[in-house]
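To start, the structure under review is shown below, and the notes come after it.
The values are calculated or read from the model by the stated rules, or taken from the named source; none is laboratory data. Only a predicted model underlies this, so the values are computations on that prediction, with no experimental measurement involved. So basically every Cβ, Gly included, is an ideal-geometry build from the backbone, and we count neighbours across all protein chains shown.
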Amino acid sequence: MQTATTGVEFDDDDLGASAGSRAWRHLRANPAFWVGAGIVALVIVMALFAPVIAPYDPLRQFRHGGLTPAGDPVGPTPRFPLGTDKLGRDELSRLLYGARTSLLVGIGGTVSATVIGLAVGSIAAFAGDVRGRIRLPQGRSIVIPLPIESLLMRLTDAVLSFPILLLAIALVAVVGASLGLVVALVAAFLWTSVARIVYARVVVLRELEFVSAARALGASPFRVLGRHILPHLASIVIVYATLTVATAILFEATLSFLGVGVPPPSPSWGSMIYDHITYYSSDPRVVALPGIAIMLTILAFNVVGDALADALDPHQWR
């Protein structure tokens with residue numbers, strides 16, 4: 001079909017298709033999305049069914065059959081397909097259970113960070129710098145500016161300026177290492193990117209006609225925000241949440257590698273590298289396996305996030 005005025009050609013199916021169906025068609029034709037989604041699905045299955053798939057308890061030490069006479073890790077054998085670590089624990093079992101730790105931090109921290117960023121960004125943009133009226137005795141009142149927008153965005157800038165690794169090390173020294181602390185750190189620092197993106201989008205949306213119409217009909221600010229603005233943020237929030245999962249997993253691995261992440265003996269890909277860094281030359285397997293797991297998982301989430309960003313971009317719908 002060709003329009004008479006512009007001469008631009010459109011596919012007849014696209015004219016009646018919803019945004020969701022067009023985005024799905026774009027995703028379906030993207031092989032990189034399927035590769036990334038397949039790896040993500042595999043990691044999720046590993047994490048969910050680790051107790052069923054893992055051949056051994058990840059904390060069980062095979063002191064006789066799992067170590068060499070010199071006390072070093074054992075390489076791949078029929079009994080231990082990926083070998084053992086320096087304490088005689090099955091490497092495959094620990095990799096499977098380590099996926100649980102990474103996904104718990106990645107997804108749990110990302111959900112919390114996304115909620116915080118969505119709330120801060122949307123409220124800052126929608127509320128703006130409002131004015132509050134305080135009533136005084138004898139019927140008088142004064143108007144005081146309430147710089148909600150400025151305060152929330154300056155708070156976002158302040159959080160961005162914090163050295164997160166140094167703060168994490170300091171907190172671990174004070175309260176001790178724990179999985180909950182890692183999730184809290186992810187939520188406390190990774191919301192800033194979502195807040196900035198949401199803020200920029202809501203600043204545009206709040207000036208559009210449908211928002212002005214809702215206000216003119218008497219809709220409350222919370223109804224306008226929840227009913228008319230937040231649905232338009234779904235696609236961009238999904239994309240950035242997917243990318244934040246990869247950042248959170250890498251952050252957890254970094255903390256565990258520095259010895260301030262998930263406390264031992266809980267299996268974690270980062271701590272597995274940290275525990276065996278001295279074997280990088282004599283037995284690189286014990287360092288490479290968790291490193292490859294981290295790399296593939298982060299790469300997969302990034303690929304899925306990029307594919308979603310392309311699919312949800314109307315300019316890509318051709």
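Contact map, the range 266-277: first residue under 16 Å from Gln61 (Cα atoms) and at pLDDT below 90, second residue among the polar types (S, T, N, Q) and surrounded by 24 or more Cβ atoms within 10 Å (Cβ to Cβ), Cβ cut-off under 7 Å, separation 6 or more or different chains; pairs are Ser266/Thr101; Pro267/Thr101. Residue count for the range 59-75, restricted to those that are in contact (Cβ under 8 Å) with a residue 24 or more places away in the chain and either under 15 Å from Asp275 (Cβ atoms) or surrounded by 12 or more Cβ atoms within 10 Å (Cβ to Cβ) (or both): 8. Are any of the residues in the range 278-290 under 17 Å from Gly106 (Cβ atoms) and in contact with a helix residue (DSSP H, G or I) (Cβ under 8 Å, 6 or more places away or on another chain)? Scanning the range 278-290, I find at least one residue that is under 17 Å from Gly106 (Cβ atoms) and in contact with a helix residue (DSSP H, G or I) (Cβ under 8 Å, 6 or more places away or on another chain), so the answer is yes.
Annotation note: of Ile294, Ile298, Ile249, Ile238, the sole residue that is assigned to a helix (DSSP H, G or I) and without any contact (Cβ under 8 Å) to a residue 60 or more places away in the chain is Ile298. The residue that is surrounded by the fewest Cβ atoms within 10 Å (Cβ to Cβ), counting only those in the range 184-216 that are within 23 Å of the chain's Cα centre (by Cα) and β-branched (Val, Ile, Thr), is Ile197.
Scanning the range 1-46 for residues that are surrounded by 10 or more Cβ atoms within 10 Å (Cβ to Cβ), modelled with pLDDT of 50 or more, out of contact with any helix residue (DSSP H, G or I) (no Cβ under 8 Å at 6 or more places or on another chain) and over 30 Å from Pro267 (Cβ atoms) yields Gly20, Ser21, Arg25, Arg28, Ala29. Scanning the range 217-231 for residues being in a helix (DSSP H, G or I) and either surrounded by 12 or more Cβ atoms within 10 Å (Cβ to Cβ) or modelled with pLDDT of 75 or more (or both) gives a total of 10. Kindly indicate whether any position in the range 195-216 is in a helix (DSSP H, G or I), modelled with pLDDT of 85 or more and either more than 27 Å from Arg22 (Cα to Cα) or touching a strand residue (DSSP E or B) at 6+ places or on another chain (Cβ under 6 Å) (or both). Yes: one or more hits. Scanning the range 261-279 for residues that are part of a loop (DSSP other than H, G, I, E, B), among the small types (Gly, Ala, Ser) and either under 20 Å from the mean Cα position of the chain (by Cα) or on the phi > 0 side of the Ramachandran plot (or both) gives Gly261, Ser268.
Ala311 meets the stated requirement of being of a type outside the set (S, T, N, Q), modelled with pLDDT under 85 and under 20 Å from the mean Cα position of the chain (by Cα).
Here Val174 does not fit the description of being β-branched (Val, Ile, Thr), buried (at least 17 other Cβ atoms within 10 Å of the Cβ) and either modelled with pLDDT under 85 or in a helix (DSSP H, G or I) (or both).
Only residues that are at pLDDT 85 or above and surrounded by fewer than 18 Cβ atoms within 10 Å (Cβ to Cβ) were counted across the range 251-265, and they come to 1. Taken across the range 283-291, residues that are over 23 Å from Asp57 (Cβ atoms), part of a helix (DSSP H, G or I), out of contact with any Leu (no Cβ under 8 Å at 6 or more places or on another chain) and modelled with pLDDT of 85 or more do occur, with at least one present.
Number of residues in the range 54-76 that are modelled with pLDDT under 90 and among the acidic types (Asp, Glu) equals 1.
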